[in-house]
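Nothing in this text is a laboratory measurement; each read-out follows from the coordinates by a stated rule. None of these values were measured; they are calculated from a predicted model. Glycine gets a Cβ as well: all are built from the backbone with ideal geometry, and neighbour counts include every protein chain shown.
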Amino acid sequence: MPTTIHRWCIWHIMKKIPSKLNGYKGHADIEREMSQIVFNSHSKDSFDRNWNDFLLNFGLLDNKWLSDLYEDRHISVPIYLDHHFWAGMRSTQRSESMHSFFNKFITRNSSLIQFVKQYDNCLGSREQAERESDAADFHTVIPCATKSSIEAQFQDVYTHQKFREVQAQFRGKANCITRLTNSALGYSVYEVGEQVSSSIFNKFVVTYDSVAAEVKCQCLLFESRGILCRHALSVLSFEQVSQVSPRYILERWSKKVKRRHTHIKSSHDEPLMEPRSKRFDQLVFRSQNICEFASESEELTAFLHRAYDNVMAEMESLKAKRKGTSSLSHEDANLESVNELQSPPRIRTRGRPKNRLGSKLDKQITNATKKKKTKVLSEINLFDAASVVHSNNIQYQGHVMNYQFMVPAAVDNSLGV
């Protein structure tokens, strides 16, 4: 595409330094100095000046690899690319992270059948991780690191992952010293000194327009990563700004963002979303036929645009009326409308199954009961035998013999005597 910006992976370039410059004396110092210039140059002029001094000091003016890198610095060096938005990407780390993720499930020796099954497991694992992150974003809170109301503003909107990056800038603001250099008609120019070590201070120029509520820093962190830098936050604190403009709160980092890709079919879709996905597929199919027919002429296209506008207005009106009278259905439920995560209701079963495995305690109780019954039966038999002997002695010997048997009370109670 003509508007696409291409860049080289700076990580792979820096990784080649040992192999490209290994023949030079002090190549470790060369690598350290080159990394310092590439990543810590805060302006194009300072990079050009530091690069020339670097080549001169280490005798690298005739090195072809370094000369070619300098010629292509506009597609490799961060300071030449930070005025474009990269969402924090400086290299192919996203691709490398995906390789690492898939390596947990598949290898180069996996068969085609294993690949299909494991790929499905990959998607399930990814979706589950996203659901857990969404639940954490909506139902847990990361405490603010400072008392700034601006930090609380980001805390309320951003996801936990992005808010941690914002917090790092608020903590770094403690190392910044802000000084006003010029001001006229609501437009102020500041010099912010950041202490990066005990003896090193980096200076950044920050401008603030109080009329437009716009702040801009020389480091271009917001322009490249979408996060306000510690230098800009220091100036906003100096100006006693309590809330930042909505332009500095990107929707892409919001925990309430609506993902359109949720309509894509997946074997791990939640059952509650299946009816909505089916309706979406049906609407897309019919819309495609209508669009193909309307695209034949400008008149039909304009007619379809008017019809779309009218239908959209009617649907918004209907949705507004139903919103106040009907409750949210299960199909339309999402994380924004859920206040609490609850476990599913517990259903009570009828009795225990016949084949239930008894516990150790159950077996001990059963064995003790059997032994007790055996003892009782033996004592009853002894009682009956003694009665027979007593009767015979009275009949044949003519005198009475008294026999006393101590029968336990528990036995009498069990027999009902």
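Determine the sum of side-chain charges near TRP51: Lys and Arg each +1, Asp and Glu each -1, restricted to other residues whose C-beta is under 12 angstrom from that of TRP51.
Working: positive: LYS44, ARG49, ARG73; negative: GLU33, ASP45, ASP48, ASP53, GLU71.
Summing Lys/Arg as +1 and Asp/Glu as -1 gives -2.
Determine the sum of side-chain charges near GLY193: Lys and Arg each +1, Asp and Glu each -1, restricted to other residues whose C-beta is under 9 angstrom from that of GLY193.
0
Cα convex hull of the range 149-253: mean projected area in nm², to one decimal? List each step's numbers first, then the result.
Details: hull surface 26.3 nm².
About 6.6 nm², averaged over all directions.
Can you give the Rg/Rh ratio of the range 56-189, where Rg is from the C-alpha atoms and Rh is the Kirkwood radius?
1.12
What number in nm² do you get for the range 16-80 if you take the convex hull of its Cα atoms and divide its surface by four? Please list the in-between numbers first.
Working: hull surface 15.9 nm².
Mean orientational projected area (the range 16-80, Cα hull): 4.0 nm².
In a shell of Cβ-Cβ distance under 13 Å around ALA302, excluding ALA302 itself, what net charge do Lys and Arg (+1) and Asp and Glu (-1) give?
-3
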